[in-house]
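I have placed the structure first, in the form of structure tokens, so that the comments after it can refer back to it.
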Amino acid sequence: MEGTTGNTSPYLTLPARLISWILHPLFIPTYIFLLLVYRFPYEFMGITTHDLYIRMFSVFWTTCFFPAFSVFLLWRLQLSKNIFLRTQQERIIPYVITMFFYWWMYYLSRNFTDQPAVLKFFYFGIFISTSLGLIMNNFMKVSLHGIAMGGAMTAVVLFSVFYHAPLGMEIIAAVLLTGLVCTSRLLISDHTEAEVYGGVIAGAVCQLIAYWFVF
């Protein structure tokens with residue numbers, strides 16, 4: 001079943017687009033970092049408030065701004081026909097660029113002792129999920145939103161396991177948001193159900209592998 005953009009009511013299209021933008025894959029690492037700051041503030045006791053803000057900005061800068069700006073440059077240099085990366089061919093270089101920045105975040109996180117240890121497996125997880133996404137891209141246009149949300153949802157569950165913390169509300173929210181994003185992508189994109197749900201599974205599995213590898 002493919003996305004049904006042309007047949008979708010505008011009353012559904014607008015919320016679906018807003019959800020897709022607010023929960024864009026490039027924003028997810030920043031959201032996860034903010035969740036950890038809010039839920040486990042004691043993990044950041046080793047740095048000042050000013051340094052914490054700098055750390056937040058650096059996460060956004062590295063995992064969101066630079067990959068997004070790279071896509072913009074590819075588009076302006078006419079190496080990509082569409083800034084929204086609607087074809088599998090257009091996604092290859094952005095995948096590689098994003099992999100580099102995610103690997104860099106994982107590499108840096110291994111040496112930080114003043115932030116949550118779980119960021120090590122989370123960053124490694126999003127790196128390998130992007131790598132897997134690049135491989136899957138050869139066979140189907142797997143949903144980037146699906147990969148990101150599947151990884152985020154699984155990471156929140158693993159945070160609860162690692163810290164032995166009752167994150168019931170956070171887990172419920174993550175599951176509901178993942179469902180909303182998947183529904184939104186099916187409504188307004190040309191993804192098939194296999195591409196969306198395959199992305200969710202890929203993101204989830206990669207976080208589990210990363211958790212096992214790091215810990």
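The values are calculated or read from the model by the stated rules, or taken from the named source; none is laboratory data. Note that the coordinates shown come from a computational prediction; the quantities given were computed from them, not determined experimentally. Cβ atoms come from the backbone with ideal geometry, glycine included; neighbour counts cover every protein chain shown. For accessibility, only protein heavy atoms count, side chains too; no ligands or nucleic acids. Shrake-Rupley method; radii C 1.70, N 1.55, O 1.52, S 1.80 Å.
When only alpha carbons of region 90-201 are considered, Rg and Dmax amount to 14.9, 43 Å.
Might you tell me the accessible area per residue for region 14-115, computed with a 1.4 Å probe and given in Å²? Before the final figure, lay out the partial values.
Numbers: 6330 Å² over 102 residues.
The answer is 62 Å² per residue.
With a cut-off of 18 Å on the backbone N, the residues of region 85-120 near the modelled label site 7 Å out from residue 42 along Cα-Cβ are 113-119. Peptides 197-205, 158-166, 55-63 ranked from most to least packed, by the mean per-residue count of other Cβ atoms within 10 Å: 197-205, 55-63, 158-166. Name all residues of region 26-50 having a backbone nitrogen under 12 Å from the label point set 7 Å from the Cα of residue 114 along its Cα→Cβ direction, giving them as ranges. Inside the label zone: 44-50.
Computed across region 85-141, the Kirkwood radius stands at 12.1 Å (inverse of mean 1/r, all Cα pairs). Using C-alpha pairs under 8 Å with a sequence gap of at least 6, the mean separation divided by the residue count of region 24-88 gives a relative contact order of 37 percent. The length gained on full extension between residue 201 and residue 72, counted as 0.36 nm times the residue separation minus their Cα-Cα distance, comes to 43.6 nm. Toward the positive end of the charge dipole of the chain, with +1 on the Cβ of Lys and Arg and -1 on the Cβ of Asp and Glu, the farthest Cα among 12, 80, 118 is that of 80.
Quick one: Cα convex hull volume of region 24-111, Å³ per residue?
Working: hull volume 8.4 nm³, N = 88.
For region 24-111, the hull spanned by Cα atoms encloses 96 Å³ per residue.
What FRET efficiency comes out for residue 92 versus residue 215 if R0 is 30 angstrom and r is the Cβ-Cβ distance? Round to the nearest 0.05.
Calculated value: 0.40.
Using only Cα positions of the chain, each an equal point scatterer, no hydration layer, compute I(q)/I(0) via Debye at q = 0.14 Å⁻¹ and quote the log10 values to two decimals. The computed values of log10 I(q)/I(0) come out as -0.85.
Distances over 11 Å make up what percent of all Cα-Cα pairs in region 120-163?
Tail fraction, whole percent: 67.
Taking every alpha-carbon pair in region 146-202 and binning the separations at 10 Å intervals from zero gives 25, 46, 22, 6, 0 percent. Distance from a point 7 Å along Cα→Cβ of residue 104 to each backbone N in region 117-143: keep the residues under 20 Å and list them by number. Within reach of a label on residue 104, which here means backbone N under 20 Å from a point 7 Å along Cα→Cβ, region 117-143 contributes 119-132, 134.
Charged neighbours of residue 145, selected by a Cβ distance under 14 Å, balance to +2 (K, R count +1; D, E count -1).
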